[in-house]
1. Quick one: in region 140-178, which of the residues that are assigned to a helix (DSSP H, G or I) and either aromatic (Phe, Trp, Tyr) or not assigned by TED's automatic domain parsing to the domain that holds THR263 (or both) is surrounded by the fewest Cβ atoms within 10 Å (Cβ to Cβ)?
2. What pairs come up if the first residue lies in region 280-291 and is under 18 Å from GLY227 (Cα atoms), the second is assigned to a loop (DSSP other than H, G, I, E, B) and of a type in the set (Lys, Arg), and their beta carbons are under 9 Å apart, counting only those six or more places apart or on different chains?
3. Pick from ASP228, ASP217: which is within 16 Å of the ligand (Cβ to nearest atom) and farther than 30 Å from SER124 by Cα?
4. Residues in region 176-186: is at least one more than 17 Å from PHE117 (Cα to Cα) and free of Cβ contacts under 8 Å to residues at least 24 places away in the same chain?
5. Can you tell which of LEU203, LEU248, LEU209, LEU194 is within 16 Å of the ligand (Cβ to nearest atom) and hydrophobic (A, V, I, L, M, F, W, C)?
6. For region 28-71, name all the residues that are more than 24 Å from TYR275 (Cα to Cα) and in contact with a strand residue (DSSP E or B) (Cβ under 7 Å, 6 or more places away or on another chain).
7. So which residues in region 285-325 are among the small types (Gly, Ala, Ser) and in contact with a helix residue (DSSP H, G or I) (Cβ under 9 Å, 6 or more places away or on another chain)?
8. Here is a list of conditions, (1) surrounded by 17 or more Cβ atoms within 10 Å (Cβ to Cβ); (2) at pLDDT 95 or above; (3) near the ligand (Cβ under 10 Å from one of its atoms), and LEU11 meets all of them except one; can you say which number that is?
Amino acid sequence: MKYIGNKTRLLPFINDVIEKNQLPKKGTFIDIFSGTTSVAQYFKNKKYKIISNDFMTYSFIYQQVFIKNNKIPKFEILINKEKKISLQNEELFSSNDDNLKNVLNFLNTLKGKKGYFFNNFAPSGKFKRQYFSNKNAMIIDEARDLIGQWFKKKWINENEHYFLICIIIEASDFVANIAGTYGAYLKIWRSMALKKIVFNVPLILDNKLNNKVFNEDSNKLIRKIKGDILYIDPPYNSRQYAPNFHVLETLACWDKLELKGKTGLRPYEKQTSLYSKKDACVETFKDLIQNAKCKYILLSYNNEGIIDSKIILKILKMKGRVKVFSQQYRRFRTERDHDKRKYKVPDDVVSEKLYLVECL
Ligand SMILES: C[S@@+](CC[C@H](N)C(=O)[O-])C[C@H]1O[C@@H](n2cnc3c(N)ncnc32)[C@H](O)[C@@H]1O
């Protein structure tokens with residue numbers, strides 16, 4: 001997923017710092033701002049027990065599927081009850097993967113219907129927003145309504161419900177007509193957006209451990225958890241995640257709220273991050289560090305962040321011995337420099353810092 005601050009490209013760098021500084025190879029790894037779960041998945045694969053968290057619902061659904069789960073659920077009741085799901089495999093319930101494939105084969109044949117999503121996010125819908133082709137928005141509408149009904153009728157359990165929502169979010173994001181975030185839709189169709197949406201089986205890692213996932217404010221949660229390595233990847237600029245990824249949140253919640261404005265925004269007061277506010281970010285960050293209960297802290301922050309590196313160092317030094325590592329990488333930018341938008345660093349290269357604290 002294209003996501004502001006996604007750390008997929010930095011994973012080898014983070015791992016290198018962990019290995020070269022001989023941090024614990026086992027134990028609990030906390031990813032308290034998990035976003036796409038890329039970091040949590042990587043360290044789950046390295047057999048750490050994972051605690052992950054994010055205050056956005058779509059991220060929580062990703063965490064349920066990719067972090068908490070160690071295998072694909074069975075979908076047994078659904079396959080028994082939903083007669084329209086045809087079984088590709090002769091053997092009933094041969095494997096969980098096959099069961100899910102059968103469910104997705106069925107969802108992939110839906111014709112679609114004109115509903116809430118179509119009206120809010122398709123060009124021929126009531127609000128004429130061009131986030132999805134008419135056809136894809138109709139399929140998303142039908143699929144998302146259907147899995148909500150299956151859950152209500154208890155044909156799928158909570159976990160299976162999370163799985164199917166996650167699959168819809170992932171597939172929708174792939175065909176969204178955007179440049180990077182949902183802050184705006186494109187006026188011209190990008191080619192991917194005109195392809196038919198396809199629901200795919202996700203890849204699930206099994207670390208055979210009891211991983212825990214949360215959907216809370218980081219500063220509330222920090223008071224309740226402890227671990228060996230605490231990885232902190234907070235927002236580093238004033239762009240809020242809720243308005244930039246509102247369509248994914250709408251798909252995750254499916255609460256059919258009345259959406260506002262040109263882009264169909266949902267209300268997001270409760271998901272406004274203090275880490276993105278100049279007047280509150282330092283105190284919020286300090287509070288998080290002071291309340292952390294762990295052996296090591298790893299903090300990702302880049303050189304354009306709203307908290308000055310000297311202040312970061314001062315706060316971290318109160319917690320323990322600090323080392324700083326940095327790596328340059330190409331930025332995720334949705335717009336170029338222009339008269340009203342000048343980036344502090346003129347070219348496309350950003351220096352991402354990794355602060356390592358050995359807590360005392
Ligand atoms: C830089 S992104 C994390 C990216 C993630 N490491 C990845 O690779 O996808 C920051 C995340 O923090 C979340 N967030 C911001 N403020 C938060 C808060 N106060 N509590 C919990 N999550 C928060 C945002 O929703 C966003 O997903």
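The values are calculated or read from the model by the stated rules, or taken from the named source; none is laboratory data. All figures in this text were calculated on a predicted structure; none of them were measured in a lab. All Cβ positions, even for glycine, are placed from backbone atoms using ideal geometry, and neighbour counts span all protein chains on display.
1. Top of the filtered list is PHE174.
2. Close Cβ pairs satisfying both conditions: ILE289/LYS319; GLN290/LYS319; ASN291/ARG223.
3. One residue alone meets the criteria, ASP217.
4. no
5. So the residue among LEU203, LEU248, LEU209, LEU194 that is within 16 Å of the ligand (Cβ to nearest atom) and hydrophobic (A, V, I, L, M, F, W, C) is LEU248.
6. Hits for region 28-71 are THR28, PHE43, LYS44, TYR48, LYS49, GLN64, ILE67, LYS68.
7. Selection gives SER300, GLY305.
8. Result: LEU11 passes all but (1).
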